[in-house]
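Report on the structure given below.
The values are calculated or read from the model by the stated rules, or taken from the named source; none is laboratory data. Because the structure is predicted, anything quoted here is derived from the model rather than measured. Backbone-built Cβ (ideal geometry, glycine too); neighbour counts: all protein chains shown.
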Protein chains: 2
Amino acid sequence: MTVELISVGTELLMGNIVNSNTQFLAEKCAMLGLDMYYQVTVGDNYGRMKEVVKTALGRSDIIILTGGLGPTEDDLTKEVCADVMGMELVEDLHTRKHLEAFFEHNIYREIPDNNWKMATVPSGALVLDNGNGMAPGLILEKDGKAAILLPGPPGELYPMFEQQVFPWLSGRQQSVLVSRMVKICGCGESQVEERILDLIDSQTNPTIATYAKTAEVHLRITARGATEEEAGRLIEPVLEEVKDRFKEKIYTTDEHVNLETAVVELLKKHRLTISTAESCTGGMVAAKLVNVSGVSQVFMQGMVTYSNEAKMGLLGVKEDTLRTYGAVSEETAKEMASGGAAASGTDVCVAITGLAGPEGGTDRKPVGLVYMACCIQGNVAVREYHFKGNRDKIREQSMMKALDLVRLCILDHEASR
Amino acid sequence: MTVELISVGTELLMGNIVNSNTQFLAEKCAMLGLDMYYQVTVGDNYGRMKEVVKTALGRSDIIILTGGLGPTEDDLTKEVCADVMGMELVEDLHTRKHLEAFFEHNIYREIPDNNWKMATVPSGALVLDNGNGMAPGLILEKDGKAAILLPGPPGELYPMFEQQVFPWLSGRQQSVLVSRMVKICGCGESQVEERILDLIDSQTNPTIATYAKTAEVHLRITARGATEEEAGRLIEPVLEEVKDRFKEKIYTTDEHVNLETAVVELLKKHRLTISTAESCTGGMVAAKLVNVSGVSQVFMQGMVTYSNEAKMGLLGVKEDTLRTYGAVSEETAKEMASGGAAASGTDVCVAITGLAGPEGGTDRKPVGLVYMACCIQGNVAVREYHFKGNRDKIREQSMMKALDLVRLCILDHEASR
């Protein structure tokens, strides 16, 4: 089955915003095993939108439109689709009630007249309630083709797609699709692919897809079966094989867990507190940990010691160490980590010092050289990295690797107890 | 003149990456005064790409294609465009030499045979040298239409567009386009628009466009003239008027300066050192400052004091203050700032404490309540904010407002000396 995406909105054509909805929908459609050949963006113009919708319905089985469902005169998606598919617009009482309730709870004033436009739907449409906004989503079907109309704001689109559209699309395929996510840190994408090439090549159900992220690789195993159980049974041995090949490099098999959450969960599980001592990352590791709601149970304090004075003053790094080995050295990283743990009174402290560039590199210590150390109850592990890319890229990779170092050190520490 | 964007790449259709090139190109085309009605994404498939290119050349004056210029068999953009426009592919000696030089400097091994594919160009094409990669860009012209073919990687595309394509497009319009950027902090987009509505409405040359960013608004004034001087003369009075209306809320009129750079420049100019004391932002303000290369001249240290113990231990906040007013209070913010400056021995210290949620809010202190204070040579200014949005949004707004508070405090401090 083929699917085509149509993004509606003049703000996209003007470059005012990045079209992130398209990536979200494309990834979900790929997971569903739908074939996508085209993505089109068109402005809030009746004639041009009509032409685009007509062309898309001519060449694709399903079209998904985002945006243009709001209350203003510029919002034309519903009108154009009804026109192309030969449907009449009628008032939907259920949606009218939903709008009334939404206004009562969220806006505390009378409903402007033009808002009732959102309660009209093409006759025969399947209405998708909007749990996070006003305009409902719609699914229109005719002559074996379907048009799925969704609101543009990601906060409304994402949950509506996940909860209502994904199951609907999945159901049309007369089989169930189940997928499991494996998140790997410490291997590049090509390394990951090489290690599982035989698995990728040898089978079509389940399939394995890899996605490269900063300093991590996500691997999605997807199986199709008559029932959820059957698909699950197909996934299980492949998942086990993948786990066996990557072992502790896998930090989660939960779609919704990211690296910082995995680290915080591990700290909580082993009742360990943490502090951070950062030079080139300048607070990024601390900020990432503080992304996790409830981190206050384990994260005590962070120290950004960009200057040598701060490294000595806050972390107790010895002047002699800085003079002999330099601020970017294994020795300084170690002293930052153990000094940081002592200054903070935490079980764990992770330290990062490196050259993010663009200036400051030498032949012996080039830009991209980063040392990181993790002190855990007195034991210090240290790592040397050579990152490529600009200042931002080097700092971002350092941050991710530092979080992963904490994770691996805790696993090690707990295994050796 | 109309322009259409075509993004080529199956990875976009699979949702593996976000299409950020499109926003970049759309914003630049809008600056150039070109009308864009369509953006299309198509995979690495000869037949479908040909259909898309044909349609686009039929309805738009200029088409800009990105991606599919590399050395592999999947890279078909050049071949398809030459086919549609009836051009033959011939070897380009200049490009061949460029490739040889590139390999010599960057890859240190023999050039794989398939790489010579990148040295063939449609006959009559204008070749755009790639300063940051291998595949050159190309401009093909026929029957009053033009196809501009650009490499997909942003690191190659952006400079090639800015340095070679922008001037070429500008030159075709038989007039010169000049624009000036005004970056404003401390006003929402609708507030900014309201204050300059008369300017926006009353004129078409120059035009004024607003772009909402996190906690700032960018305002682009663009004029068209026969010469650069003429366009500049048209911009000048409008720029002066805008400066007069927003005064110190404008942090720069330089396109390439961001808020953290403006703050660091201001610190350097007045020879002031800075430290940070962060709670809910968890190191984001420090990390943002460390984005600026050469920040070590002014930024001494950052303290992430997420726990009450850290606020007392690192910053000397009084236990009594925390007990009486709470960690999220004007009083705590003030003590964090003055204590942070004292602990770090810096001229300036900015402190942030707030409730980023999702948990922890109360009726009196709801999620989104953030206090920030800036201590500058003993004088402390404090601000209360109520931010909307999720945890990420609240933290990001807090970070930007904190940087702006530093900027405004320095301006105040210098004015009163």
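Do the conditions hold for B:LEU65, that is, is it of a type in the set (A, V, I, L, M) and more than 11 Å from chain A (Cβ to nearest Cβ)? Yes: the conditions hold for B:LEU65. Beta carbons closer than 6 Å, at least 6 apart along the sequence or on distinct chains, pair a first residue in region B:181-202 that is more than 23 Å from B:TYR385 (Cβ to Cβ) with a second that is in a loop (DSSP other than H, G, I, E, B) and not acidic (Asp, Glu) for B:VAL182/B:THR253.
Given (1) more than 26 Å from B:GLU162 (Cβ to Cβ); (2) in a helix (DSSP H, G or I), where does B:CYS81 come up short, assuming only one miss? (1) is the only condition that B:CYS81 fails. Consider A:GLY171 carefully, then state whether it is under 30 Å from A:GLN397 (Cα atoms) and away from chain B (no Cβ under 14 Å). Here the answer is no, as A:GLY171 does not meet what is asked.
Taken together, the residues in region B:252-273 that are surrounded by 20 or more Cβ atoms within 10 Å (Cβ to Cβ) and part of a strand (DSSP E or B) amount to 0.
Taken over region B:312-325, the residue count meeting the criterion of being away from every other protein chain (no Cβ under 14 Å) and outside any helix (DSSP H, G or I) is 1.
In region B:26-41, of all residues being aliphatic (A, V, I, L, M) and facing another protein chain (nearest Cβ under 7 Å), the one that is surrounded by the fewest Cβ atoms within 10 Å (Cβ to Cβ) corresponds to B:ALA30.
Where in region B:127-233 are there helices (runs of 4 or more DSSP H), lying fully within it, with 1 or more residues that are of a type in the set (D, E, K, R) and surrounded by fewer than 16 Cβ atoms within 10 Å (Cβ to Cβ)? Let's see the steps before the verdict.
Working: elements: B:154-160, B:166-172, B:189-195, B:197-202.
Fully inside region B:127-233 and qualifying: B:166-172, B:189-195, B:197-202.
Are any of the residues in region A:342-352 assigned by the TED database to the domain that holds A:ARG271, out of contact with any Lys or Arg (no Cβ under 6 Å at 6 or more places or on another chain) and over 19 Å from B:GLN301 (Cβ atoms)? Yes, region A:342-352 has at least one match.
Tallying residues that are within 7 Å of chain B (Cβ to nearest Cβ) and of a type in the set (Val, Ile, Thr) within region A:282-294 yields 1. Evaluating B:VAL380 against the criteria (1) closer than 19 Å to B:GLU216 by Cβ; (2) hydrophobic (A, V, I, L, M, F, W, C); (3) touching a helix residue (DSSP H, G or I) at 6+ places or on another chain (Cβ under 6 Å) leaves one unmet condition, (1).
Residue pairs whose Cβ atoms lie under 8 Å apart, separated by 6 or more positions or on different chains, with the first residue in region A:42-68 and at pLDDT 95 or above and surrounded by 24 or more Cβ atoms within 10 Å (Cβ to Cβ) and the second of a type in the set (Lys, Arg) and part of a loop (DSSP other than H, G, I, E, B), do not occur. The set of residues in region A:343-370 that are hydrophobic (A, V, I, L, M, F, W, C) and not in a helix (DSSP H, G or I) comprises A:VAL348, A:CYS349, A:VAL350, A:ALA351, A:ILE352, A:LEU355, A:ALA356, A:VAL367, A:LEU369, A:VAL370.
Considering B:GLU331, B:GLU319, B:GLU309, B:GLU384, which residue is within 33 Å of the chain's Cα centre (by Cα), outside the structural domain of B:LYS183 (by the TED database) and surrounded by fewer than 21 Cβ atoms within 10 Å (Cβ to Cβ)?
Values: B:GLU331 fails: within 33 Å of the chain's Cα centre (by Cα); B:GLU319 fails: within 33 Å of the chain's Cα centre (by Cα); B:GLU309 fails: within 33 Å of the chain's Cα centre (by Cα).
Just one listed residue meets the conditions, B:GLU384.
Might you let me know whether region A:287-302 holds any residue that is crowded, with 24+ Cβ neighbours inside 10 Å, assigned by the TED database to the domain that holds A:THR353 and over 27 Å from the mean Cα position of the chain (by Cα)? No, region A:287-302 has no match at all. Listed by position, the helices (runs of 4 or more DSSP H) inside region B:1-72 whose residues that are among the small types (Gly, Ala, Ser) number at least 2 are B:20-31, B:46-59.
A count restricted to region B:379-399 and to residues that are touching a Cys at 6+ places or on another chain (Cβ under 7 Å) and within 14 Å of chain A (Cβ to nearest Cβ) stands at 2. Yes or no: B:LYS247 in a helix (DSSP H, G or I) and at positive phi? Against the criterion (in a helix (DSSP H, G or I) and at positive phi), B:LYS247 qualifies. One residue stands out in region A:1-17 among those that are surrounded by fewer than 17 Cβ atoms within 10 Å (Cβ to Cβ) and not hydroxyl-bearing (Ser, Thr, Tyr): the one that is farthest from the other protein chains (Cβ to nearest Cβ), namely A:MET1.
Residue by residue, here is whether (1) within 14 Å of chain B (Cβ to nearest Cβ); (2) in a helix (DSSP H, G or I); (3) free of Cβ contacts under 8 Å to residues at least 40 places away in the same chain; (4) under 23 Å from the mean Cα position of the chain (by Cα) holds:
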{"site": "A:LYS243", "(1), (2), (3), (4)": "no, yes, no, yes"}
{"site": "A:SER275", "(1), (2), (3), (4)": "yes, no, no, no"}
{"site": "A:SER338", "(1), (2), (3), (4)": "no, yes, no, no"}
{"site": "A:ALA341", "(1), (2), (3), (4)": "yes, yes, no, no"}
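Do you know which residues across region A:296-311 are in a helix (DSSP H, G or I) and more than 7 Å from every other protein chain (Cβ to nearest Cβ)? Spell out the reasoning first.
Narrowing region A:296-311 to residues in a helix (DSSP H, G or I): A:296-297, A:308-311.
The answer is A:GLN297, A:ASN308, A:LYS311.
Has region B:220-232 got at least one residue that is under 30 Å from B:HIS386 (Cβ atoms) and of a type outside the set (D, E, K, R)? If you could, list the steps in order and put the result at the bottom.
Going through region B:220-232, the residues under 30 Å from B:HIS386 (Cβ atoms) turn out to be B:220.
Then drop every residue that is not of a type outside the set (D, E, K, R), which leaves none.
Within region B:220-232, not a single residue is under 30 Å from B:HIS386 (Cβ atoms) and of a type outside the set (D, E, K, R).
Is it the case, given these coordinates, that A:TYR108 is among the aromatic types (Phe, Trp, Tyr) and at pLDDT 90 or above? No. Scanning region A:348-370 for residues that are crowded, with 24+ Cβ neighbours inside 10 Å, away from chain B (no Cβ under 12 Å) and farther than 17 Å from A:ALA286 by Cα yields a single hit, A:VAL370.
Taking the numbered list (1) away from chain B (no Cβ under 11 Å); (2) closer than 20 Å to B:TYR211 by Cα; (3) within 25 Å of the chain's Cα centre (by Cα); (4) modelled with pLDDT under 95 in turn, A:ASP74 passes all entries but (3).
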